[in-house]
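S.K.: Below is a structure I'd like to ask you about.
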Amino acid sequence: MKATETLKDPNFGSYMLNGFREISLPEPPRYFPQTIGWTILAKIIFILVIIWVIKFYQYWQKNRYRRAALKRLRQLEKALQTPETKVNALKELPILLKQTALAVYPRQQVASLTGQAWLTFLESTYSGNLLTPEQGKILTQLAYQSNQMISQLSSETVIDLFDFARHWLAKHQETST
């Protein structure tokens, strides 16, 4: 008897299995929900996720100016490390604050502000630690001071001015008061 003939032999294998038929398995469960409630819930969750993604993108785009200003501030802080660029970095600090304010608030409200009015505006749009009157005076005159006067500023004053600028750029209110 050959091997192929053995496989065709109905008596091949265990005699106890003779006459058994293979069990037909039920259809596997579907992964799609079978009731309308789960389908509706899945659609609502999908729509909410889409709305959240859109809102997050709008928030991200709305604060694009803020991220750019903070990036420029970090560049200015690095420029403070070298004496050759320190004066120019300090002169650019009030310009950066004004440009950022012009990006957020109406030009008519911000562009003409100088001196104490400019400081009052900065304080009214920010609820954090404010500048001392001396630091405020330095900030308003920083862009116009001579290089010699700027180079004589104490490192503590410079750090305080940059800290204020960083906090104002990061946390100022976007609605005018």
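Every number here is computed from the coordinates shown, using simple stated rules; none is lab data. As the structure is a computational prediction, the values presented were derived from the model and not from experiment. All Cβ positions, glycine included, derive from the backbone under ideal geometry; neighbour counts span all protein chains shown.
S.K.: If you wrap a convex hull around the Cα atoms of the chain, how much volume per residue is inside, in Å³?
M.R.: Working: hull volume 54.2 nm³, N = 177.
Roughly 306 Å³ of hull volume per residue.
S.K.: Spelling out what I want: for every residue of segment 29-38, take phi, set θ = phi - 60°, compute 6.51 cos²θ - 1.76 cosθ + 1.60 (Karplus), and round to whole Hz; glycine and proline get x.
M.R.: Values, residue by residue: x, 7, 7, 7, x, 8, 10, 5, x, 5 Hz.
S.K.: Measure off 7 Å from each Cα along the Cα-to-Cβ vector at Gln99 and Lys78, then give the distance between these two points in nanometres to one decimal.
M.R.: 1.6
S.K.: So, in the chain, how many Lys pairs have Cα atoms under 29 Å apart, if the pair is 8 or more places apart or on different chains?
M.R.: Step by step, the pairs that qualify in the chain add up to 28.
S.K.: Explain nothing, just the number: dipole magnitude of the chain about its Cα centre with +1 on each Lys and Arg Cβ and -1 on each Asp and Glu Cβ, in debye rounded to the nearest 20.
M.R.: Values: 21 positive and 13 negative charges, 96 e Å.
Charge dipole, the chain, about its Cα centre: 460 debye, nearest 20.
S.K.: Within a Cβ distance under 13 Å of Lys98, other residues only, what is the Lys/Arg minus Asp/Glu net charge?
M.R.: Details: positive: Arg72, Lys91, Arg107; negative: Glu92.
Every neighbour counted, the sum reads +2.
S.K.: Something else about it: Where in the chain lies the longest segment free of GluC sites (Glu not before Pro) that are both loop residues by DSSP (not H, G, I, E, B) and have at most 16 other Cβ atoms within 10 Å? It would help to have the intermediate numbers written out before the result.
M.R.: Working: sites that count: Glu22, Glu174.
Here the longest segment lacking exposed loop sites spans 23-173.
S.K.: Provide the gained length on full extension for the span Ile159 to Ser124, in nm with one decimal, where the gain is 0.36 nm per separating residue minus the Cα-Cα distance. Show your work: numbers first, answer last.
M.R.: Details: separation 35, 0.36 × 35 = 12.60 nm, distance 2.19 nm.
Gain in length upon complete extension: 10.4 nm.
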